[in-house]
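No lab work stands behind these numbers, since they all come straight from the coordinates. Please read these numbers as outputs of a predicted model, since none were measured by experiment. Here Cβ is always computed from backbone atoms with ideal geometry, including for glycine, and neighbour counts include all displayed protein chains.
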Ligand SMILES: Nc1ncnc2c1ncn2[C@@H]1O[C@H](COP(=O)(O)OP(=O)(O)OP(=O)(O)O)[C@@H](O)[C@H]1O
Ligand SMILES: Nc1ncnc2c1ncn2[C@@H]1O[C@H](COP(=O)(O)OP(=O)(O)OP(=O)(O)O)[C@@H](O)[C@H]1O
Ligand SMILES: Cc1ncc(C[n+]2csc(CCO)c2C)c(N)n1
Ligand SMILES: [Mg+2]
Ligand SMILES: [Mg+2]
């Protein structure tokens, strides 16, 4: 054990924490620069503390590599990481996300029209949501083959329910007066949908879309544990764990975290544009 | 009655589609087997065969149900409800870890949401990392979590519950942040005219206003917690719980066993979500929010 | 009583019958040991558990143990209850594959997670690239079961003599419909289930003594299991907490396992070791291990145990 | 109690009852309401808060369904009339959609009723000028004062030319001057288009100034206590409010109202 | 422009400016507003819709922050005053919490201000009687008519005894009779408690009847065009509204208002 590293990590953490609190409460806290700086400082803090702990406690590489080791691996493996990223994120996760969220949205709109279908399908939707990926993935791999199609199918199953629940809830989120107004115009079902219920549902729909971004990535990666071609983030992770290449494992995890956060951020940005009128965006 | 009929209709439709789908899904195998045995099948034989294979690609509903019954009700009737072969016992293992994980996860999620809504530093600093945390494939780090916890002497239900909490806290955070921010400007202004403290504004305005969001997130959260527990059952040696059953089913190619464990998990989840739905209806009614 | 924790490589099954028998028959207790057996699984790297302090001794295959050693995880083989390899590659006859020369252009299912080394060595010995293409083979990461063969997603898949092979048979494909290549027959067999500990622990005499007693009791268990396969299988079943294993399958597995443990008294045969190392290092441009391992095994424990 | 003549009325209520079921017992909002409104009538409803004015308007609009009696609009049920887009409705609260600008909110009924796109800009401009909100097209509702929001919602109801206007306290949040101005504008519009208008107000002078018929209601359960046919001419300059006829009608309305209250 | 004397005012605004930034350019809501309000004053604000009355009240309450000039309340900044719970505020819209019953909504400030539980029931009963809503304790807001909701929100502001009352068109949605009644009640309350009241209204008679001081505002950017000290005595029976003094003041207010409008 080397105390120097441990104490360094502790001091760094305390200092960064104090800095962040000052920044967030400062007059500049509304600015974009501070909005970026705070999470970055937070992240750097985590990395420094991590490095300090790993070095200070002499944690073996096969248990937890230090960020510096992960970074070194990262820069030397960019081509592999890119290939894996395309396979898992672009082909698997994105396809599944679009199909799954789209299907859930359409289902929500369809069953929204019929109380009967709603009463019948929502409980069944609960059912689908609870199908654990551990069970569905082997079946879907058996049905759709080893390549990314089965990963997309797993993602579809995973994102469907959160999206469905949120959309259904959102479509119900209008006030009586807003609906009455539409009645006085004798607006058709479709008009009420496009001009009132969908705009009013947007905050909820984006809730579902945001939750689904992270589910999609996890789903695509985990599904690869159950059979895959010899590329992909999940394949690499499970293979490298077996080889004790923990630095590569964490490099893949870093890619996942960066891609996932960027994906989430993009959806959140669109949300800001679409639901600018909602109190949660104004306040 | 009013709720049962639609569900029955939908279920009936699904069962019908399911039986129909089983035919093309399993036909190839039936034909191959016939070819290997040098016989040909009539259409009727083919259909019957696709519904009764031992290792079908898609087991027929009655196969799943009978396996489910054999490993639950039937065992219970024989007084073996809690034998190792009984799904009831495994469902119980999973349920207990799920409930603990859900409690930890929602507790943490609500706390985080409260912090994020009240502290700018947390909003800016924590939210991006909470998001990043969810993009880390849990199955990849679950073994490490378990190894680390193990070396700290923690084992049993706790590691599973932690993984389950890890998956369930996020939907709760996202939903609750939105919900706690949902009061209109005027509602907040009213609180400001009373010079209400932050905690008063929280308890009397933000929390009640967030109720619809809370329940929506709880429903997603409990389903996520269940999935988390089952995922967590793999790197703990996959010896107990529905996850272990799915895995061993998968390992030995027992499609029907996977499906029945899957169904057990889904039934469990439907029950849990249903319970939250009941609580939701009750409390929204008490709050005058049910229409 | 001294406590020992054993980390298995895979789930509870007759592959590990010797240890469960030693446990149930009281052989460990006789040696003054209190043994905890931890089942493994698809997501458990035994070396990691060992390094993390979660176990004292593990069951692992030599290729992955040696690879781990080169990665800086100093594990040492202290005993080798399995004499021969049970690994095979089995193909559907209808694909037209008759010998390894026909592999090119086909899709082969392979286990990863540290179990891919024997396959990779074999392919590089044959000079077949594993990146696909005309003269190469397309490699699939095979899941837990034999579905890829049944669903015809792969021409050949990896199987063990004692497990997956019989699942294919049980599924209704007869032995006549299959073409099977044993690694043993191809001259690329590597050592399977051995017992490994951390090198630093071997410096401790008390630990060494514990291991001596552990290996002695375990081998007694193995020999008992070889002689009483049916009872051994039942003991395994009793220890299976998932309740998913079947008697028929475990009894048959025990029978096949007995063939692999036969001929081992627990001591590592250095010739086998050398052959394994040679196979692993023969991997052309991308060998599994790059340099001759040193101190990767010790005969001290078995020497003491078998006195 | 209503006094009416023989021509078929545009809106006709016969022995109307409406009871709400609430968590602590039924609320009788309307009881035995009889009323006929002729084409081209301008009918004001006045009565204490909570007497059922809004409820009655909603029944006419087919937004609420009577638990007894009948209503017809143009000889149809309210629902059918609604389906024919027979009326424009101004709610008691503005109820603008927050995701649309003011102009967007006014365009909403035009889009729904399939009025040609080319006319939209023109109509929006015209009604915004009418309610004195020119220049606020691009603002969002929450950027407007309460009265401005109310005016925007009036503009929204005027943008499509319905034959019947149902207006629930449209000028409640406006000052006297704007109110006078809008009163004049509304009278002008009514006179030139022969619309039928049902108008809820709390202001006695406003009711008398605007109406051909004033309906006085009493509280729970809401009943019609008086229907006053206005003796005032169709041409009404603002200073008609100082004439003895005007003051007499106003007095009668006030007396009718007062009866409905327990105090004073 | 304001006329005031030397004693330190309870509320004092000096050269107040407020500009909103919106998606299409800045909106000048208040410009160069000077005003002093003495303890025990009853000040009415009247002015065209959108002229900045609500904004001014919000600045006093510390809900909005001036972009220029200063305001003090009891010698403190509005924020400090707010922290001392110096005032009760009635919003232009009722703003009841939908998950609380009417009684629950009225209890809300009592709970927050830590008023002993034992007093709650009593206070709720008293203020509900004051606004004539006895019997509606257990109803939820959406089960009440618009005017009833507005009255409930007045009751909520009266339930705790703040020294300053800021009321934004509290009686906008009420009929004349209830309005007269509540006007009397409010005057009585004011006389017996020496509260300071700032009151936004659109009704000229109401403003004149209630106030010791009437502030007339002109629209965008909101300015004070006239401050009228009422010559009426403190005792004000309802029929004071027919006296010449009353009519004269009303006339002056109407003239001031008219100036602020472009038309007529
Ligand atoms: N949040 C806001 N953002 C932008 N502009 C605003 C905002 N709030 C008010 N305004 C503008 O400020 C001006 C004054 O508004 P205010 O609500 O004070 O008017 P008011 O005198 O209370 O009118 P009314 O009698 O109709 O209630 C208006 O032109 C309005 O459009
Ligand atoms: N949805 C509802 N559920 C239960 N009661 C209701 C509902 N809507 C209205 N009421 C009750 O019906 C009665 C009449 O209400 P209505 O809104 O028609 O009054 P109003 O005459 O428009 O009053 P105001 O002038 O205050 O707007 C009231 O006592 C009210 O409490
Ligand atoms: C994902 C996965 N990885 C590896 C193996 C291989 N494996 C580990 S232990 C063992 C002995 C036989 O049961 C075998 C074959 C597998 N089956 N599934
Ligand atoms: Mg009303
Ligand atoms: Mg206002």
Packing-based order for E:230-241, E:71-82, B:172-183, using average beta carbon neighbours within 10 Å, highest first:
B:172-183, E:71-82, E:230-241
Can you give the direction-averaged projected area of the convex hull of the alpha-carbon atoms in segment B:1-113, in nm²?
12.4
With each run of n ≥ 4 DSSP H residues scored as -39500 (n - 2.57), what mean residue ellipticity at 222 nm is computed for chain B after dividing by its residue count and rounding to the nearest 500 deg cm²/dmol?
-25500 deg cm²/dmol
Order of C:253, B:185, A:94 under a 10 Å beta carbon neighbour criterion, fewest first
B:185, A:94, C:253
Spatial separation of Cα centroids for segment C:149-218 and segment A:231-245, in angstrom
21
For residue D:252 and residue E:243, what is the calculated FRET efficiency with R₀ set at 25 Å and r taken between the beta-carbons, to the nearest 0.05?
0.55
For every helix of n ≥ 4 consecutive DSSP H residues, a contribution of -39,500 (n - 2.57) applies; sum these over chain C, divide by its total residues, and give [θ] at 222 nm rounded to the nearest 500 deg cm²/dmol.
-11000 deg cm²/dmol
Packing-wise, with mean Cβ within 10 Å as the measure, how do A:11-23, C:83-95 rank, highest first?
C:83-95, A:11-23
Helix-derived [θ] at 222 nm for chain A: sum -39500 (n - 2.57) over DSSP H runs of at least 4, divide by residue count, nearest 500?
-25500 deg cm²/dmol
Residue E:77 versus residue D:137, label points 7 Å from Cα toward the beta carbon: distance in nm?
4.1
Students often check this: by mean Cβ neighbours within 10 Å, which of B:98-104, C:29-35 ranks highest, and how do the rest follow?
B:98-104, C:29-35
Note the angle between two axes, namely the Cα long axis of helix B:120-135 and the longest principal axis of the Cα atoms of chain B, as a number of degrees from 0 to 90, rounded to the nearest 10.
10
Among A:35, A:232, A:145, which one shows the biggest mean-square fluctuation in a GNM of chain A, springs joining Cα atoms closer than 10 Å?
A:35
Taking the alpha-carbon centroid of each part, what is the distance from segment D:88-138 to segment C:32-88 in angstrom?
75
How shielded is E:172-185 by partner chains, expressed as the average number of their Cβ atoms within 10 Å of its Cβ atoms?
6
To two decimal places, what compactness ratio does chain A give when its Cα radius of gyration is scaled by 2.2 N^0.38 Å?
1.22
Exposure proxy ranking, count of Cβ atoms within 10 Å, fewest first, for C:249, D:65
D:65, C:249
Starting from the 7 Å offset along Cα-to-Cβ, what nm value, one decimal, do you get for the label separation of residue A:22 and residue C:125?
6.7
To the nearest 0.05, the calculated FRET efficiency linking residue C:104 and residue B:198 through their beta-carbon distance, R0 being 45 Å, is 0.05
Taking square-rooted eigenvalues a ≥ b ≥ c of the alpha carbon gyration tensor, is segment D:1-108 rounded, prolate or oblate, where a/c under 1.5 means rounded and, failing that, a/b exceeding b/c means prolate?
oblate
Selected from B:224, B:37, B:261 as most flexible by GNM, with chain B as the system and alpha-carbon contacts under 10 Å
B:37
Determine the shielding of peptide D:96-108 by partner chains: average, over its residues, the number of Cβ atoms on other chains within 10 angstrom of each Cβ.
4
Proxy reagent accessibility, fewest Cβ within 10 Å first, across A:160, E:136
E:136, A:160
Per-residue mean of C-beta atoms belonging to partner chains within 10 Å, peptide B:264-277
4
So how far, in whole Å, is the C-alpha centre of segment A:144-199 from the one of segment B:157-203?
24
Can you work out the PRE-style zone for residue D:259? Point 7 Å along Cα to Cβ, and I want the residues of segment D:16-35 with backbone N under 18 Å.
D:31-35
Taking the axis about which chain D rotates onto chain E, which residue of D lies nearest it as judged by Cβ position, and how many whole Å separate them?
D:172, 3
Over the Cα atoms of chain B, how large are the radius of gyration and the largest Cα-Cα distance (Dmax), in Å?
23.9, 88
Once the cut-off is 45 Å, how many percent of the Cα-Cα pairs in the protein assembly as shown end up in the long-distance tail?
52
Rg followed by Dmax, in Å, when segment D:96-161 is reduced to its Cα trace
10.6, 31
For chain D, take the longest principal axis of its alpha carbons; what is the angle in degrees between that and the long axis of helix D:102-112, to the nearest 10 within 0 to 90?
80
Overall dimensions of chain E as given by Cα atoms, namely Rg and Dmax in Å:
18.3, 57
Measure nothing fancy, just the Cα-based angle from helix E:244-259's long axis to the longest principal axis of chain E, in degrees from 0 to 90, nearest 10.
70
For chain B, with a Gaussian network of springs between Cα atoms less than 10 Å apart, report the residue from B:227, B:64, B:148 with the top mean-square fluctuation.
B:148
Which percent, nearest 5, of DSSP beta bridges in the protein assembly as shown are antiparallel?
55
